[in-house]
Amino acid sequence: MKMKKFIAILAAAGMVASLAAGCGSSSDDTSASGDAAATEEGGDAAASEWDASSTITVVSREEGSGTRGAFTELFGVVDENDNDMTTLDAQVTNNTSVMMTTVSENDYAIGYISLGSLDESLVKAVSIDGAEATAENIENGSYTVSRPFNVAVRNDLDNAVATDFMAFIMSTEGQQVVADEGYIPVSEVEAYAGDAPEGSCVVGGSSSVSPLMEKLVEAYGEVNPNASIELQTSDSTTGMTSTIEGSYDIGMASRELKEEEAAELTGTVIATDGIAVIVNQNNPTEDMSVDQVKSIYLGDVTTWDAI
């Protein structure tokens, strides 16, 4: 009898312990699950929330860049003597791809690039004064933020390959490459009629012109496999000075030639390109005015909610 009573007591104690452990486990699991859900929900909310009161990260190109020179001129980011007045707080990038990467990695950044180099999988181009940044709108005049792509040679150029390559660029075939790459081609050109000379030449300068020039070099190689063209990417100013000095046979500039450059070089417009103002894809901004962009780059406006 005593033994049965003892066994019953042990069984009851075991049930109580089991229930207590089960309740504790259920409570812990529910709490952990709830915490995880709350964390996940909070994380998603934080990731999707764009704070317009945040400081604008201004991204610009380096001194000597033709894109920077054209941008500051077209948007009026200059003083009465045409001196560049870009805010000293701007981050400086040294080529188009770095500019896009920098903006793509910062929700609150703004930058500018060659329209022909725009990669919409990385960044978003905003409309300017209601006009989308497209080649069609440049042609019809509604998108006014555009500039020429120039190449230049010395007046005493004596390189058969460079001369022939220039003829190809300004031919029907060369300008078709320009159009295919999303730039505005030059009108009234004729079919290429070169004689495929042997030899080599060096082309160098603007990183904005360089992607187009790479395609032109490839296309020229198909009609003249006897030639070797070396393409060097730097900036517009280096492109012009190195051509004057003789380091480059053909220089590239994504702007008009300066007076002192034009005195020693013969420039040729090979295409027209737009300048795209770019923001991060998480930025809800779709349209900006020229004055709004100007105020940001002058440093007068520093947060997105002021736009």
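Laboratory data are not the source of any read-out in this text; all were calculated from the coordinates shown. Because the structure is predicted, anything quoted here is derived from the model rather than measured. FYI the Cβ positions are ideal-geometry reconstructions off the backbone, even for glycines, and counts take in every protein chain you see.
Observations, loosely collected:
- Here the mean projected area of the convex hull built on the C-alpha positions of the stretch 181-222 is 4.0 nm².
- The slack in the chain from residue 232 to residue 266, taken as 0.36 nm per residue of separation less the alpha-carbon distance, amounts to 10.3 nm.
- The order of 243, 101, going from fewest to most other C-beta atoms within 10 Å of their C-beta, is 101, 243.
- Using equal-weight Cα scatterers in the Debye expression, the normalised intensity of the stretch 148-273 in log10 at q = 0.09, 0.22 Å⁻¹ is -0.21, -1.35.
- Modelled spin labels at residue 89 and residue 101, positioned 7 Å past Cα toward Cβ, are 2.6 nm from each other.
- Relative packing of 188-196, 164-172, 143-151, which averages over residues the other C-beta atoms within 10 Å, highest first: 143-151, 164-172, 188-196
- Counting beta carbons within 10 Å around each of 298, 122 and listing the fewest first gives the order 122, 298.
- Neighbour counts of other Cβ atoms within 10 Å put 107, 305, 129 in the fewest-to-most order 305, 129, 107.
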